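Participant: One structure is given below, represented as structure tokens, and several questions about it will come after.
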Amino acid sequence: MREVSLAPGVVALDFDRPSKGNSLTTELVEALLSAIDTLTADEAVHTLVLRPEGLHFCTGFDLSRLEDESEGDLLRRFVRVEQLLAALWYAPIRTIACAQGRAWGAGADLFAMCDVRAARPSTTFCFPGAQFGLVLGSRRLAERVGTERAREWIANGSMLDASAAQTAGLVTDLLPTDEDEWLAEICTLPRIDRATMIAIRAATRSDGWLDADLSALVRSATRAGLKERILAYRARAKFGRAIAE
């Protein structure tokens with residue numbers, strides 16, 4: 001991950017694993033959590049931008065070491081991803097996601113957590129976590145797009161293009177060709193101070209759900225057979241790609 005200052009008070013966190021689809025390793029999740037904690041504590045920072053390097057925003061949970069991981073290892077990793085989602089959802093500053101290519105799995109969840117959710121027209125979104133038994137980010141997605149729609153997307157592992165995602169409210173803006181100019185226009189100094197922003201967040205986004213969201217994830221991840229379900233999902237995904245090719 002690279003941290004880039006774009007303007008006074010505006011910091012971008014750039015995912016820098018383009019050869020791996022910017023998938024979420026343990027190291028990347030920890031780096032993001034640390035950076036978000038530091039930046040949200042800095043009174044001079046008012047806007048945080050998540051951006052990808054390479055073709056894809058984030059292809060989700062990194063599964064490259066799956067065979068070597070225990071169910072306990074996987075549980076801890078998923079807990080940290082849930083905590084990352086919560087850190088963005090409850091952040092006391094403006095958050096912006098700029099997506100392209102694939103925003104899948106936990107990558108789609110990261111995107112959904114941000115205030116401004118911009119995507120290139122060719123971006124695709126998918127929420128497949130329920131296919132290996134996880135409840136991750138579900139309630140917050142429902143708050144974004146509505147309960148019935150979120151349940152359908154999650155249960156079916158639906159694939160959405162940017163146009164459909166914008167119609168549903170997941171995408172707020174389609175990214176223009178000149179992304180830097182668009183960011184400069186949108187990342188202006190907020191009209192209200194941070195204390196007021198925190199109060200508005202508290203009034204409209206209760207942290208009473210914080211423990212409930214984490215508990216839902218833990219209950220789903222501790223059900224016996226997590227690793228086997230993920231292995232089976234990965235095998236199906238590889239088979240599907242092979243058929244498509």
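Participant: So how far, in whole Å, is the C-alpha centre of the range 99-162 from the one of the range 1-37?
Facilitator: Their Cα centres are 20 Å away from one another.
Participant: Output the antiparallel fraction of DSSP beta bridges having both residues in the chain, as a percent to the nearest 5. Walk me through the numbers before you get to the answer.
Facilitator: Details: 8 of 29 bridges.
Taking every DSSP beta bridge with both residues in the chain, the antiparallel ones total about 30 percent.
Participant: Only four residue types carry charge here, +1 at the Cβ of Lys and Arg and -1 at the Cβ of Asp and Glu. Report the dipole size of the range 124-217 about the Cα centre in Debye, rounded to the nearest 20. Mind showing how you got there, number by number?
Facilitator: Values: 9 positive and 14 negative charges, 107 e Å.
Magnitude of the dipole: close to 520 debye.
Participant: Less than 13 Å Cβ to Cβ from SER220, Lys/Arg counted +1 and Asp/Glu -1: what total charge do the surrounding residues give?
Facilitator: Details: positive: ARG139, ARG219, ARG223, ARG229; negative: GLU71, GLU82, ASP213.
So the environment of SER220 carries a net charge of +1.
Participant: Keeping every protein chain in place, order VAL116, VAL49 by accessible area at 1.4 Å, biggest value first, i.e. largest first.
Facilitator: Values: VAL116 25, VAL49 0 Å².
Largest to smallest exposure gives the sequence VAL116, VAL49.
Participant: For the chain, what is the largest minus smallest coordinate of the Cα atoms on each principal axis, given in angstrom and ordered from greatest to least?
Facilitator: Taking max minus min along each principal axis of the Cα atoms, the chain gives 49, 40, 34 Å.
Participant: Still on this structure, please answer the following. With each pseudo-label sitting 7 Å past Cα toward Cβ, what's the THR196-GLU30 distance in nm, one decimal?
Facilitator: The answer from the label model is 4.0 nm.
Participant: If I take R0 = 30 Å and measure r between the Cβ atoms of ASP173 and ARG139 in this structure, what FRET efficiency does the formula 1/(1 + (r/R0)^6) give, to the nearest 0.05? Before the final figure, lay out the partial values.
Facilitator: Values: r = 24 Å, r/R0 = 0.80.
Efficiency at R0 = 30 Å is approximately 0.80.
Participant: How long is the gain from LEU214 to LYS227 if the chain were fully straight, where each residue apart is worth 0.36 nm and the alpha carbon distance is subtracted? Numbers along the way, then the final one.
Facilitator: On the way: separation 13, 0.36 × 13 = 4.68 nm, distance 1.93 nm.
Net length gain for the segment: 2.7 nm.
Participant: List the relative contact order of the range 1-126 as a percent without decimals, with contacts defined as Cα pairs under 8 Å and 6+ residues apart.
Facilitator: On the way: 241 pairs, mean separation 33.0, N = 126.
Computed value for the range 1-126: 26 percent relative contact order.
Participant: While we're on this one: Expressed as an acute angle from 0 to 90° and rounded to the nearest 10, what is the orientation of the C-alpha long axis of helix 26-41 relative to the principal long axis of the chain?
Facilitator: On a 0 to 90 degree scale, this one is about 20.
Participant: Distances over 15 Å make up what percent of all Cα-Cα pairs in the range 71-161?
Facilitator: Details: 2432 of 4095 pairs.
Here the long-distance tail beyond 15 Å is 59 percent of all Cα pairs in the range 71-161.
Participant: Turning to a different aspect of this structure: Highest mean first, what order results for 147-156, 23-32 on Cβ atoms within 10 Å? Intermediate values should be presented prior to the final figure.
Facilitator: Working: 147-156: 15.4, 23-32: 18.0.
By packing density, highest mean first, the sequence is 23-32, 147-156.
Participant: Roughly what angle does helix 147-156 make with the longest principal axis of the chain, taking Cα atoms, 0 to 90 degrees, to the nearest 10?
Facilitator: Orientation of helix 147-156: about 40 degrees from the principal axis.
Participant: Have a look at the DSSP beta bridges in the range 1-95 and tell me what percent are antiparallel, nearest 5.
Facilitator: On the way: 5 of 14 bridges.
Counting DSSP beta bridges with both partners in the range 1-95, the antiparallel share is about 35 percent.
Participant: Could you state how much accessible area MET159 has, in square angstrom rounded to the nearest 10, with a 1.4 Å probe and all protein chains kept in place?
Facilitator: Answer for MET159: close to 110 Å² accessible.
Participant: While we're looking at this one, here's another question. Need the full-extension length gain, ASN156 to GLU53, defined as separation in residues times 0.36 nm minus the C-alpha distance. One decimal, nm. Walk me through the numbers on the way to the answer.
Facilitator: Values: separation 103, 0.36 × 103 = 37.08 nm, distance 2.90 nm.
So the chain would gain 34.2 nm between ASN156 and GLU53.
Participant: In the range 84-184, carbon and sulfur make up what percent of the accessible area (probe 1.4 Å)?
Facilitator: Numbers: 1770 of 3590 Å².
Whole-percent figure for carbon plus sulfur exposure: 49.
Participant: Continuing with the same structure: To the nearest 20 debye, what is the magnitude of the charge dipole of the chain about its Cα centre, counting +1 on the Cβ of each Lys and Arg and -1 on the Cβ of each Asp and Glu?
Facilitator: Details: 29 positive and 34 negative charges, 177 e Å.
That gives a dipole near 840 debye.
Participant: Also, quick follow-up: Going by alpha carbons, how many degrees (0 to 90, nearest 10) lie between the helix axis of 210-221 and the longest principal axis of the chain?
Facilitator: The angle comes out near 20 degrees.
Participant: At 1.4 Å probe size, with no ligands or nucleic acids counted, give the accessible surface of SER163 in Å², nearest ten.
Facilitator: 70
The values are calculated or read from the model by the stated rules, or taken from the named source; none is laboratory data. Remember, predicted model here, so these are calculated numbers, not experimental data. When we count neighbours, we look across all protein chains shown, and the Cβ atoms used for this are built from the backbone with ideal geometry, even at glycine. Please note that ligands, DNA and RNA were not included when accessible areas were found on the heavy atoms of the full protein model with its side chains. Shrake-Rupley method; radii C 1.70, N 1.55, O 1.52, S 1.80 Å.
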